[in-house]
Amino acid sequence: MSATGGGKAIIAAFLANMGIAVAKLLAWLFTGSASMLAEAIHSVADSGNQLLLLLGGRKAKKSADREHPFGYGRERYVYAFVVAIILFSVGGLFSIYEGVDKLTHPHELDNVWVAVLVLVVAICLESFSLRTAVGESRPHKQSGESWFAFIRHAKAPELPVVLLEDIAALTGLVFALLGVGLSWLTHNPVFDAIGTLMIGTLLIVVAITLGIETKSLLVGEGANGRDLDAIVRAVEDGPEVEKVIHLRTLYLGPDELLVAAKLGFAADKPLSAVAGDIDEIEKRIRAAVPAARVVYLEPDVYRPGLDPAPPTDAFVLKSEE
């Protein structure tokens, strides 16, 4: 997995979730708390999530072949989508089911102190996991960019997934602690059921959020505004091109950007000179945006006022203003 893949954060989250899952299951056996069972399933689901993310990172390293000439970089998006839709949704729906069952068949909690102790320890461990994820995400976050914007626009899916998982886990633990604590203080198991329903709702909301964001990556996203401007500047910094007619970009994977452009050259420029100019422009593009590993530049004769307009969904470039 590449440096942007968040391998350290994934491993930290996996180890934390495995330990927490075992502790929560034991606490559920001692207390009978539906919130503890929901949280245990949540941690088991999270552990499975991390394994899938690691598997996706491994599969994405496969070399390009005839069937997949642009490589397997999008495997990471596929596995992130599976994490979002299946595991989170299964955990959320199971928690909703447990909460409804506890509401219709309430029973007093036993050994509540065990559940409280486990939840407090779990909050400490999840806080460490979240701190690791934040620390590994920070270098990939643009200056001035909010964390919400980072989660929405990050091209490497692992870090946003782990960040949302850890935030959801901490929030779910607080819900469980409130449910168990209030049930203990009031001797009313309904609060435990309500805490379970809140955990299930939280997981489903996170699943939908991740599904929407990952779907956008699967469909295909282009370069952000900063990188797009850098590519245009790289093309226009030299004397070779008369005009950038139109430009398209597409992420083939989190670390691999495809750049395709039609460039207008002077009509009297020899073909050998155009070929050399394209080589120089490609070097400048890759230097400006290292992720631009696949570059296709189409030369054309620049005819002021006669060049066809770019497709309606093409980016509006500063060079066309």
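Observations, loosely collected:
- Every test in (1) surrounded by fewer than 19 Cβ atoms within 10 Å (Cβ to Cβ); (2) touching a residue at least 40 places away in the same chain (Cβ under 8 Å); (3) not assigned by TED's automatic domain parsing to the domain that holds LEU109 is passed by ARG152 save one, and that test is (3).
- Residue match in the range 213-226 (condition: more than 29 Å from GLY57 (Cα to Cα), charged (D, E, K, R), assigned to a helix (DSSP H, G or I) and touching a helix residue (DSSP H, G or I) at 6+ places or on another chain (Cβ under 8 Å)): no
- Some residue of the range 185-204 being of a type in the set (A, V, I, L, M, F, W, C), surrounded by fewer than 15 Cβ atoms within 10 Å (Cβ to Cβ) and more than 17 Å from SER47 (Cα to Cα): yes
- Any hit, the range 31-46, residues being under 30 Å from LEU250 (Cβ atoms) and at pLDDT 80 or above: no
Okay, residues lined up against (1) out of contact with any Asp or Glu (no Cβ under 8 Å at 6 or more places or on another chain); (2) at pLDDT 90 or above:
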position: ASP255; (1), (2): yes, no
position: ALA266; (1), (2): no, no
position: ARG284; (1), (2): no, yes
position: VAL294; (1), (2): no, yes
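- Residue match in the range 63-74 (condition: surrounded by 20 or more Cβ atoms within 10 Å (Cβ to Cβ) and assigned to a helix (DSSP H, G or I)): no
- Selection count, the range 236-253, where residues are under 28 Å from ALA154 (Cα atoms) and touching a Ser or Thr at 6+ places or on another chain (Cβ under 8 Å): 2
- Residue match in the range 108-115 (condition: surrounded by 17 or more Cβ atoms within 10 Å (Cβ to Cβ), among the acidic types (Asp, Glu) and either in the same structural domain as ARG58 (by TED's automatic domain parsing) or in a helix (DSSP H, G or I) (or both)): no
The values are calculated or read from the model by the stated rules, or taken from the named source; none is laboratory data. Because the structure is a prediction, the values reported are computed rather than measured. We place every Cβ from the backbone using ideal geometry, glycine too, and count neighbours over all the protein chains shown.
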